[in-house]
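The values are calculated or read from the model by the stated rules, or taken from the named source; none is laboratory data. Remember, it's a predicted structure, so these values are computed and weren't measured experimentally. Cβ: placed from backbone, ideal geometry, glycine included. Neighbour counts: every protein chain shown.
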Amino acid sequence: MPGEVISGKALSGEAMPDIATSDPAASGAVPPAVLEAIGLTKRFGALVANDHVSLAIRAGETHALLGENGAGKSTLVKMMCGLLQADSGELRFAGEPITFPDPAASRAKGIGVVFQHFALFDALTVVENVALGLPGREPLAALAARIEDCVGRYGLEVEPHRRVGELSVGERQRVEIVRCLLGDPRVLILDEPTSVLTPDESESLFRTVDLLTAEGRAVLFISHKLDEVRRLCQRATVLRGGKFIAEVDPRRESSASLARLMVGAEVPRTPRVATHELGEPRLLIKNLTLKGDGSRGSALHAINLEIRAGEIVGIAGVAGNGQTTLFEALSGERRGEDAEAIVIDRTPAGALGPTERRALKAGFVPEERLGHAAAPDMRLSDNVLLTTHGDGRIVRHGVVRHSVLNAMFADIVKRFDVRFGGKDPKARRLSGGNLQKFVIGREVLREPVLLVVDQPTWGVDAAAAGFIRTTLRRKAAEGCAVLVISQDLDELLEFTDRIAVMSEGRLTQPVPVEETSREAIGLAMGGAHGAPAQEDADAA
Amino acid sequence: MLDTVMIGAVLASVVAAATTLLIASLGELVAERAGTLNLGVEGMMIIGAAVGYATAYSSGSLLLGTLAAVLAGVALSLVFAVLTVWLAANQVASGLATTILGLGLAGLIGAPFVGTRIDAAPELRIPGLTDLPIIGKAVFGQDAFVYASIALLVLVTWGLARTRTGLVIRAVGESHVAAHALGHPVRRIRTLAVMFGGACAGLAGAQLSLAYTPFWASDMTAGRGWIALALVVFSAWKPLWLLAGAYLFGAVSILQLHVQGFGLGIPSQLLSSLPYLATVAALVLISALKRGQGAPASLGVPFVPDR
C-alpha cells in the first residue's frame, strides 16, 4: 500500500527545492500529492524562517512534519493555509499552481488546520465555535446534531452547548478537531495534536486519523512524539533551522535516528536518579476541599498529599478533572477556609496569598505561559519582576533596582538557554519552548524549597523538554520538593518518583513509578477510584 | 394634582427622552461587540442632529432630514473606522478626536439655523388605542423614531444572538486572531459594525433635533452620547439591559423637571444631575450583579494581520 516503496533518504543541510516532488522513482505506487509546497521561502526581517522548503502531502497518507521549535514548521503550515504569504516558491493543489490570499481560500479548497494555539472563542459555545469555522448558514440545532454524530463516530468527547471558556485544554482541542472534520477536509493539518491527550485519547485520535486517510484524505501530522510518528505516519519531512533536511519513511527509522535528524545531534535522556535521600515534608495537603466555581475550575474533594524534600511527585489525569483548581489552590490564587489544609515547609499556608507563599520559598509555574505565567506584552526583564518582587532583592522601598533586575534576567537567559531575537523582547515574541525555559528559570533561580509546575513541557520541543525535565530533576536532587501536574503520562513515567492520579476532583495516593504501569494509571484516569494503580501493580 | 392626563403626558415624554439613548447605545453596542470602542458617539450624534435639522429645514421633508442625519453619522464613523480599523490607530484617542471633529463641524453646519424652528415629527395616532387613559399616549401615540428604536432593539437583540452575522460579529470582538485564522474578514466586519454605530448615532441625533426638541442648538446633545457609551458598558454588552438603562435615565430626567416645578427647595443643579447619578448607580449595580460577563475580549485592541 501507499508509502511502502519509499526509501528513506537524508540530505545534508543544503536546500533542495524539488526533492519532495522529483522522487521517488520506485515502483509507481506513490499516491498523488494533494497539497504541495515547492521551494517556499519566508523571511521576517533578517530571520529566514523558511529557506526553500518543500513538502508534498499525498492523498490517503499521514505525513509527519518534524522539527524543533523554531525549525520553521509553523511558518510552513501558515503559508500552506493562507495565513502567511511566501516570499518565493510555489504552492500546488492537486498539481495545479495556486495561491491562498487568505485562510478562507484554503478552506474553500478543503484544507483544515487544527492549530497548536487554538483558534477558539472563549465566550462562545462549542456549536457557535464550530459554526464560525464552516461556510454556509446551517441552523445551530442541526449543527449540534452533526457535532453529536461526529463525536460519537470518532470518540471525541465534546458537549455542543458548553461555553468554550469553561473547557480544559484537551476538550478545546477536541472542539478544534471536530470543527475541522465537519468541514469535510481533503487535507487535515494537525499541529501537535497529542500533547494534551491521554494515551487512550491519543489512540482514539489515531484511529480517527486512520479512518480519514482510508477515506482518501491527506493528513499532515506535526508532533514531537517520535514514537507516535513512527506508528502513525507513512512519510516524514524533517526541518531544521528553517531548512529542509530530509524526507524519510518513519517506520524504517528509530526514534533516535529521527531525533538526530531533528536536532542535528544526539538527544540526552533525562537521567534517572537511582537512590536519593528524602528530607522533611515540604508540602502537606490535608483534606483540601474546594467548591467548583461553576464555569472554570472543577471542585476538589478531600485532597491529601505529602511531598518531601528531594522527590518529584507527578499528578496524572485527563484535562478538566480539577488539576487547574488544585494548582490555583496551591499557588494561592484560590484560597479556602482552612489555613491548615496546605502546609508549605511547616508553615500553614492555606490562608496566604501568592506573594506570601512565594515568601515561604515556594515557586509556581502555571499551565498557560502567555497570560498566566508571563504578561504577553511586557518585556522579559519586566516579567522577571512579576514573581520576584517580594524577594527583597529587586525591590527596595518600593523602587525597582534595575541593575539587579537586569543581572537576574541575564542570569536566567544564560543559565536556561533562553533564545530570542533582540535584546529584551516582549514575552509574546518568544517560542513556546523558550518562554517555558524562561518561566522555569525565573522560578528555579529563586532557590525554592517547593516547586509546583503545571504542564511543564506542553507544546515544547524535545530538546527544551529534556532540558526542563533535567532541571527539575536536578532541583529535586538539591533538596527541593517538586510537584508536576501533567497530561503527558510518558513524561511523568520518565522523570517523577511517585505518581498520583486525579479524576473528578479526587486524588489517588501516589504510587512509586517502579510499582505502577501505564495501564494501571490509565485505568485510574478513567475514573476508577480508590487505588487501582496500587492493586494492579501488586497483581503484576 | 396629578391627573391621568398629566401622568400620560409625563410617560410620553419619558419615552421620548429614553429613545435618543436607546438608539445611540444600540449602535455603539454592535460596534463594541465587534471589538471597536468608538468614543465618537457624541460627535456622530450631534452631526446627525445638525445635518438632519439643516436638511429638514431647507427641504421641508423630515424623511430627507432623517436620511441625511444617518448618512452624516455614517460618514463621521468612517473617519474613525479608517483610523482605527485600517490604520490600527489607538481607538480611545481616535474616538475622542471624532467627537471633537463632530462637535466643531456640527456648530459650523448649524450656525445659519440658530433660532429657527420646524414642526416636530408627527405622532402616529392609532384610533382607539392612542386615547386609552395613561398609557395610551406613551405607548400608541409616539413618533416614528420611538417605534424605530424598539424595532432596532429587537433587530439587534435577535441579530446578535440568533443570526450568523451576529455570531461573526461576536467572534471578531472576542478574538480577531482566531476569526482571521478561520477566514473571517475582520477589518471589513469591524468597519461595517462601526458604520452601523454611526448610522444609529446619526439617527439618534435626528430624533433629537427633528422630534424631541425641534430646533437646532449647538450643545443640544448635552452629553447624551457619553451616557449612551456608559450604558453599553454597564449593560454588560447586553441589548435588553440597554433598554432598562435608557428608560431609567429618561424617567429620572423627566421626573426631576417636574420636581423642579414643584419648588421643593432642592438646588436645581442637583436635580439636573440626578438622571446621570441614578443611571450610573443602577448600572453599576447591574454590572456588579452580573460579574464575570465581561467586555468582548478584543475590545479596543487594534488588529494587524501579519503578512
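Checked against (1) surrounded by fewer than 17 Cβ atoms within 10 Å (Cβ to Cβ); (2) over 24 Å from residue A:163 (Cβ atoms), residue B:288 passes all but condition (2).
State whether the residues of segment B:19-33 include one that is surrounded by 19 or more Cβ atoms within 10 Å (Cβ to Cβ) and not in a helix (DSSP H, G or I).
Taking segment B:19-33 first, the residues surrounded by 19 or more Cβ atoms within 10 Å (Cβ to Cβ) are B:19-33.
Now restrict to residues that are not in a helix (DSSP H, G or I): none.
Taking every residue of segment B:19-33 in turn, none turns out to be surrounded by 19 or more Cβ atoms within 10 Å (Cβ to Cβ) and not in a helix (DSSP H, G or I).
Contact map, segment A:152-173: first residue at positive phi, second residue of a type in the set (Ser, Thr, Tyr), Cβ cut-off under 9 Å, separation 6 or more or different chains; pairs are A:155/A:204; A:155/A:208.
Taking segment B:206-257, which residues are aliphatic (A, V, I, L, M) and not in a helix (DSSP H, G or I)? Talk me through it step by step, then tell me what you get.
Filtering segment B:206-257 down to residues aliphatic (A, V, I, L, M) leaves B:206, B:208, B:210-211, B:217, B:220, B:222, B:227-233, B:236, B:240, B:242-244, B:246, B:248, B:251-252, B:254-255, B:257.
Result: B:217, B:220, B:222, B:236.
Scan segment B:258-269 for residues that are part of a helix (DSSP H, G or I) and touching a helix residue (DSSP H, G or I) at 6+ places or on another chain (Cβ under 9 Å) and the total you get is 4.
Go through B:232, B:194, B:186, B:156 for me and flag whichever is within 14 Å of chain A (Cβ to nearest Cβ) and closer than 21 Å to residue B:296 by Cα. Working first, answer last.
On the way: B:232 fails: within 14 Å of chain A (Cβ to nearest Cβ); B:194 fails: within 14 Å of chain A (Cβ to nearest Cβ); B:156 fails: within 14 Å of chain A (Cβ to nearest Cβ).
After ruling out the rest, the residue left standing is B:186.
Within the option set B:151, B:161, B:179, being under 26 Å from residue B:250 (Cβ atoms) and either within 14 Å of chain A (Cβ to nearest Cβ) or not in a helix (DSSP H, G or I) (or both) holds for one residue only, B:161. Pairs are defined by a Cβ separation below 6 Å, a sequence spacing of at least 6 or placement on different chains, a first member in segment A:103-124 that is within 8 Å of chain B (Cβ to nearest Cβ), and a second member that is in a helix (DSSP H, G or I) and of a type outside the set (A, V, I, L, M); the pairs so defined are A:118/A:172; A:118/A:176; A:120/A:129; A:120/A:172; A:121/A:129; A:121/B:174; A:122/A:165; A:123/B:174. When the criteria are applied in full, residue B:302 meets the requirement of being at pLDDT 85 or above and either within 16 Å of residue B:231 (Cα to Cα) or in a loop (DSSP other than H, G, I, E, B) (or both). Every residue in segment B:250-264 that is more than 16 Å from residue B:6 (Cβ to Cβ) and of a type in the set (A, V, I, L, M), please. Once the filter is applied, which keeps residues that are more than 16 Å from residue B:6 (Cβ to Cβ) and of a type in the set (A, V, I, L, M), segment B:250-264 yields B:252, B:264.
What do you reckon, is residue A:385 within 28 Å of residue A:44 (Cβ to Cβ) and outside the structural domain of residue A:482 (by TED's automatic domain parsing)? Before the answer, list the steps.
Working: within 28 Å of residue A:44 (Cβ to Cβ): no; outside the structural domain of residue A:482 (by TED's automatic domain parsing): yes.
It is false that residue A:385 is within 28 Å of residue A:44 (Cβ to Cβ) and outside the structural domain of residue A:482 (by TED's automatic domain parsing).
Among the residues of segment B:164-176, what is the count of those that are in a helix (DSSP H, G or I), facing chain A (nearest Cβ under 8 Å) and hydroxyl-bearing (Ser, Thr, Tyr)? Residues in segment B:164-176 being in a helix (DSSP H, G or I), facing chain A (nearest Cβ under 8 Å) and hydroxyl-bearing (Ser, Thr, Tyr): 0 in total.
Go through the residues of segment A:256-276 one by one and say whether even a single one is assigned to a loop (DSSP other than H, G, I, E, B) and either buried (at least 19 other Cβ atoms within 10 Å of the Cβ) or at pLDDT 80 or above (or both). Looking through segment A:256-276, none of the residues is assigned to a loop (DSSP other than H, G, I, E, B) and either buried (at least 19 other Cβ atoms within 10 Å of the Cβ) or at pLDDT 80 or above (or both). The set of residues in segment B:34-70 that are part of a helix (DSSP H, G or I) and under 28 Å from residue B:167 (Cβ atoms) comprises B:41, B:44, B:70.
Quickly run through segment A:29-59 and pick out the residues that are part of a loop (DSSP other than H, G, I, E, B) and under 18 Å from residue A:97 (Cβ atoms). Outline the logic, then answer.
Taking segment A:29-59 and keeping what is part of a loop (DSSP other than H, G, I, E, B), we get A:29-32, A:45-46, A:59.
Within segment A:29-59, just A:32 meets the criteria.
Can you pull out every residue in segment B:183-205 that is surrounded by 24 or more Cβ atoms within 10 Å (Cβ to Cβ), of a type outside the set (A, V, I, L, M) and either in contact with an Asp or Glu (Cβ under 9 Å, 6 or more places away or on another chain) or not in a helix (DSSP H, G or I) (or both)? Selection gives B:197, B:200. Of the residues making up segment A:66-124, those that are more than 23 Å from the chain's Cα centre (by Cα) and among the charged types (D, E, K, R) number 7. If you go through segment A:125-141 one residue at a time, how many are more than 7 Å from chain B (Cβ to nearest Cβ) and under 20 Å from residue A:185 (Cβ atoms)? The total comes to 8. Selection of first residues in segment A:210-231 that are part of a loop (DSSP other than H, G, I, E, B) and of second residues that are loosely packed, with under 14 Cβ neighbours inside 10 Å, restricted to Cβ pairs under 8 Å at least 6 apart or on distinct chains, gives the following pairs, ordered by first then second residue: A:225/A:490. Only a single item in (1) buried (at least 21 other Cβ atoms within 10 Å of the Cβ); (2) assigned by TED's automatic domain parsing to the domain that holds residue A:362 is not met by residue A:466, and it is number (1).
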